[in-house]
Structures are given as structure tokens and as C-alpha cells.
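Novice: Pasting a structure below so you can have a look.
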Amino acid sequence: MTAIALAAPNALRAPRARIAHAELLPRLNRQSVVKHFDAYADVDWDAPEMQIDPEDPRFERPADHGIGRTAWYRTLPAERRARFGLHIALAQLRIGIDFESVLSRGLLELASVHQPGSPELRYAYHEVIEEAQHSLMFQEFIARAGLPVRGLEGLDRWGARRVPKLGRTFPELFFLHVLGGETPVDHAQKLELARRDELHPLLRRIMQIHVTEEARHISFAKSWLREHMPRTSRLRMLRLRIHAPFLLAVMARQMMEPPRWLLDLYGVPKAVRREAFHDDLEHRRRLAQGVRPLRELCAEIGILTPELVPLWRSLGLVAPARLSLPG
């Protein structure tokens with residue numbers, strides 16, 4: 001059993017957090033200079049092994065969780081399984097483009113309140129540049145695959161348009177959005193990369209670049225919250241405690257499950273969807289593991305309190321029968 005320590009906000013040591021944040025920023029800025037990637041210079045798009053065949057079996061979904069473990073998926077013709085798996089990857093990359101657009105605009109809002117020469121302003125611009133390179137990679141892969149994809153729709157699209165201004169007006173909530181998208185994707189892509197030769201080399205190269213640079217982005221967002229949360233007002237803290245579990249539950253599923261339009265396109269029956277994403281304990285465990293670093297951060301900085309643990313568990317943010325939390 002794994003325990004999560006829950007700390008009250010006033011238990012945080014603000015001076016210590018400030019020192020850590022001040023030391024981290026120069027390292028992140030330096031790394032963005034010496035270890036960065038170009039979407040076209042660092043991906044050999046035209047190499048023979050990088051070409052995309054929608055019927056390549058390496059695009060099939062793994063058989064140990066989610067849609068890949070259902071009898072419905074396993075009985076599809078091999079070429080259909082591969083095309084569906086490729087389409088899932090494309091849909092996730094398209095959502096990634098929308099997310100990184102929101103993130104970049106929010107970082108520019110954050111930068112607007114910092115003075116010239118501020119290391120946080122400089123880092124924000126570094127990250128905007130890196131996110132743009134990621135979007136270039138994603139859109140190039142989508143274009144070469146040649147299958148139709150959609151971005152955020154409906155209420156998700158409406159809500160996403162309102163997030164960037166939080167970078168200036170409510171950065172604590174903005175960085176929860178940032179980590180709510182980046183943390184589950186980072187976890188999912190690391191699991192995919194662990195498959196090694198089972199993964200298409202072009203998709204593997206894109207994920208390698210993305211995971212490398214996202215490590216900096218996640219580190220910055222976490223450090224920013226540890227630095228600033230001790231000075232957050234009680235009203236803002238209340239809003240964060242209310243928003244956080246619902247926000248993280250929605251974003252984790254957006255990042256780690258195929259969108260509804262794609263399941264409709266491939267005619268996935270409702271019973272199969274329930275089997276793959278609600279009844280599958282391994283999928284639910286992966287969802288909870290995907291948000292685990294953020295859940296532990298929220299416990300550390302006072303957003304997750306003992307009284308809120310049942311709500312977080314009911315939303316799938318804590319793996320059932322796997323974790324116990326004190327209090």
C-alpha cells in the first residue's frame with residue numbers, strides 16, 4: 001500500500017521553495033539552449049523506415065489494456081486493427097496541438113507580467129518555442145498519415161479558449177491545467193516507448209523528443225506551484241480545491257482515451273467502450289498512475305486534503321484498492 005502525505009498549505013516552507021525555484025530556473029534556461037530539438041532537422045521524415053503505412057501492424061493497440069484487450073478489437077481484421085490504432089495516435093496528437101496552443105498562449109500571458117531580464121520570462125519564451133516545434137512534429141505526422149482527425153469540440157473547445165488568460169489572472173489554476181495535460185501524456189508516452197521495437201520508428205522518434213523536452217516543462221510548472229502556493233489567498237485555494245479533481249479527471253481521459261467521434265467512426269459498440277475504459281481495471285490503474293505525480297504534488301501544496309480524498313477516488317484519480325491516504 002502506498003501512502004500519500006497530505007500537508008496543510010501553512011506547512012510549506014516558502015523560503016526553501018523559493019531557493020529551489022531560483023536555482024532551477026537558470027538550469028532550465030541553459031538546458032533549453034544546449035538540448036533542444038527542431039521538428040525537421042531532428043526527425044528524418046523521408047527515411048524509408050519512417051514512411052507511414054496505415055496497415056503496419058506496429059500501429060495496433062497493445063493487448064494488455066483499453067480497447068486493445070477487448071475481444072471486439074482482437075477479432076477485427078489485422079489491417080483494420082492497425083488503421084484504428086494509427087487513428088487513435090493521430091487523434092491524440094491532434095488534441096496535443098490544441099493543448100499546446102492553449103499552453104503557449106497562457107505562457108505569453110504569464111510572461112506579460114514579468115520584467116525584462118526575468119528568468120521566468122526567459123523560460124516562458126523558451127517553452128513557447130519548444131511547444132511550437134512539438135506542434136510542427138505532430139501536424140507533419142498527421143499530414144503524412146492522411147487520415148481525418150478533429151481537435152477539441154463543443155464545451156471542451158469553449159473552455160480551452162478561456163484558459164490562456166489564467167496565465168496572467170490566475171496562474172495557479174493555469175499551471176494545474178498545464179500539468180493536467182502534460183503529466184498523463186508523459187506517463188502514457190513513456191509506457192509506449194517501453195515497447196521499443198513494437199513501436200513505429202517515426203512515432204517513437206516524435207515521442208522521444210516530446211518526452212525529453214516535456215520533462216523541463218513539467219519541472220517548471222511544479223516548481224512554480226511550490227514557489228507561489230504558500231502566498232495564495234484562501235479564496236483562491238478554495239477555488240483550486242474545487243476545480244482540481246474535476247479538471248484532472250477530464251484532462252486525463254482526454255489525453256489517455258480515444259475521443260468519442262473516433263469510436264463512433266469505427267463503430268465501437270457501447271458495451272465494448274464500457275469494457276475498455278470503465279470496467280478494465282488495468283486501464284483505470286494507468287489513468288490513476290498517469291496523474292499520480294500531480295496528485296502527490298496537490299497533496300504536498302495543500303490542494304488535496306483528507307476530506308477530498310473520497311471525491312478524488314470516485315473520479316478515478318486514485319487507483320481503487322491500491323492507495324491509502326492518511327487522515
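Novice: For the pair residue 272 and residue 147, how long in nm is the line joining their label points, each one 7 Å along Cα→Cβ?
Specialist: Result: 1.3 nm between the two label points.
Novice: For the chain, what is the mean residue ellipticity at 222 nm derived from helices alone (per DSSP H run of n ≥ 4: -39500 (n - 2.57); sum divided by total residues; nearest 500 deg cm²/dmol)?
Specialist: -21000 deg cm²/dmol
Novice: Okay, moving on. When a/c reaches 1.5 or more, the comparison of a/b and b/c decides; with that in mind, is region 168-243 rounded, prolate or oblate per its Cα gyration tensor?
Specialist: Taking the square roots of the gyration eigenvalues as a ≥ b ≥ c, region 168-243 is prolate.
Novice: Then there's this: Could you check the spin-label model distance between residue 190 and residue 281? Points 7 Å from the Cα along Cα→Cβ, value in nm.
Specialist: Result for the modelled spin labels: 2.4 nm.
Novice: For a test of understanding, tell me how many lysine pairs in the chain have Cα atoms under 23 Å apart, given they are 8 or more places apart or on different chains.
Specialist: 4
Novice: Continuing with this model, one more query. Which trypsin sites (Lys or Arg not before Pro) does region 87-185 hold that lie in a coil by DSSP with at most 16 other beta carbons within 10 Å?
Specialist: 150, 161, 162, 165
Novice: Just going by the charge dipole of region 266-317, with Lys and Arg at +1 and Asp and Glu at -1 on Cβ, which of 298, 272, 310 is farthest out on the positive end?
Specialist: 272
Novice: Moving on. What dipole magnitude, in Debye to the nearest 20, does region 228-327 give about its Cα centre under +1 on Lys/Arg Cβ and -1 on Asp/Glu Cβ?
Specialist: The dipole magnitude comes to about 320 debye.
Novice: Which residue, chosen from 217, 188, 167, occupies the Cα position most advanced towards the positive end of the dipole of the chain, where the dipole is computed from +1 (Lys, Arg) and -1 (Asp, Glu) charges on Cβ about the Cα centre?
Specialist: Final value for the positive-end residue is 167.
Novice: Taking Cα pairs under 8 Å and at least six residues apart, what relative contact order does the chain come out at, in percent?
Specialist: 31 percent
Novice: Stretch residue 52-residue 158 to full length: gain in nm at 0.36 nm per residue minus the Cα-Cα span?
Specialist: Full extension from residue 52 to residue 158 adds 34.8 nm.
Novice: Output wanted: per-residue J couplings in Hz (rounded whole) for region 234-240, from phi through Karplus 6.51 cos²θ - 1.76 cosθ + 1.60, θ = phi - 60°, x for Gly and Pro.
Specialist: 4, 5, 5, 4, 4, 4, 5
Novice: Could you give the accessible area per residue of the chain, probe 1.4 Å, as a whole number in Å²?
Specialist: 47 Å²
Novice: According to the square roots a ≥ b ≥ c of the eigenvalues of the Cα gyration tensor, what is the shape class of the chain, taking rounded for a/c under 1.5, prolate for a/b larger than b/c otherwise, and oblate for the remainder?
Specialist: It is oblate, given that a/c is not under 1.5 and a/b is not larger than b/c.
Novice: Net charge around residue 163, counting only other residues with Cβ within less than 15 Å of its Cβ (Lys, Arg = +1; Asp, Glu = -1)?
Specialist: With Lys, Arg at +1 and Asp, Glu at -1, the net is 0.
Novice: Sticking with this one: When the accessible area of the chain is computed with all protein chains present and a 1.4 Å probe, what percentage of it is carbon and sulfur?
Specialist: Reported share for carbon and sulfur atoms: 54 percent.
Novice: For the chain, with the dipole built from +1 on Lys and Arg beta-carbon atoms and -1 on Asp and Glu ones, taken about the Cα centre, which of 154, 136, 207 lies farthest toward the positive end?
Specialist: 154
The values are calculated or read from the model by the stated rules, or taken from the named source; none is laboratory data. Because the structure is predicted, anything quoted here is derived from the model rather than measured. Using ideal geometry, Cβ is built from the backbone for each residue, glycine included, and neighbour counts are taken over all protein chains shown. Quick note on the areas: whole protein, heavy atoms, side chains included, nothing else; ligands and nucleic acids left out. Shrake-Rupley method; radii C 1.70, N 1.55, O 1.52, S 1.80 Å.
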